[in-house]
1. Given the conditions (1) of a type in the set (Ser, Thr, Tyr); (2) touching a helix residue (DSSP H, G or I) at 6+ places or on another chain (Cβ under 8 Å); (3) within 27 Å of Lys43 (Cβ to Cβ), and given that Ser110 satisfies all but one, which numbered condition is not satisfied?
2. Scan segment 166-196 for residues that are at negative phi and in a loop (DSSP other than H, G, I, E, B) and jot them down.
3. Please state which one of Leu163, Leu118, Leu77 is in a helix (DSSP H, G or I) and free of Cβ contacts under 8 Å to residues at least 12 places away in the same chain.
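The values are calculated or read from the model by the stated rules, or taken from the named source; none is laboratory data. Since this is a predicted model, take the numbers as computed values, not measurements. As a convention, Cβ positions derive from the backbone with ideal geometry for all residues, glycine included, and neighbour counts pool all protein chains shown.
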Amino acid sequence: MPLRLQNKEKTMDYIVFLDRDGVINVDSPEYIKNESEFEFIPKSPEAIALLTQNGFNVIVITNQSLIGRKMVTQKILDAIFKKMKDGIKKAGGDIKDIFFCPHTPQDNCSCRKPNPGLIIEAQKKYQIDLNQSFMVGDSAKDIECARNAGCSKALLVETGNGLKAGQQLFEKGIIPDFTGKNLYETALWIINSVKH
């Protein structure tokens, strides 16, 4: 059933929350610290374009503790986000908004995944019906965040840390609603799940 989201400004039809690192772009254990280190995973811009062109609003939900670790400034992070958004726009897609947690794990904040704070913040801003939203990630904490927030579907991709996360989730007894090889395959699943 199509997702109708009421907003004072306009009505939003569908929502897909996306993690960034390991889902949209190639992840690094050293973090993505500047624009030159940001590299799209093959077909991820096309996947977001596919979602956009099929009526979905895409919102990025990402932990960016390198801010709290003083590894980059907000200005540098904004430049990385701009490169991501520009690349996706060039492919025909659109990022509706980006919500990120700047804190380190030691800060014990409510916004760092697996806590649902970022999704709740997006929900309040856009009046999202979380019961019918999707969350796509490559880590156990992404899937747990989706469950903690009350998203309808929690989807895992095998890019990034996805294969390792699948095992971690299995051990915790948490089963994603779908596991795709990459974001493109997962986007197709999302579109088909709404059409049926």
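1. (3)
2. Ile174, Ile175, Pro176, Asp177, Lys181, Asn182, His196
3. So the residue among Leu163, Leu118, Leu77 that is in a helix (DSSP H, G or I) and free of Cβ contacts under 8 Å to residues at least 12 places away in the same chain is Leu163.
Each row is one residue, and each column tells you yes or no for (1) aliphatic (A, V, I, L, M); (2) out of contact with any strand residue (DSSP E or B) (no Cβ under 7 Å at 6 or more places or on another chain); (3) at pLDDT 95 or above.
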site: Arg112; (1), (2), (3): no, no, yes
site: Asp129; (1), (2), (3): no, no, no
site: Phe134; (1), (2), (3): no, no, yes
site: Asn148; (1), (2), (3): no, yes, yes
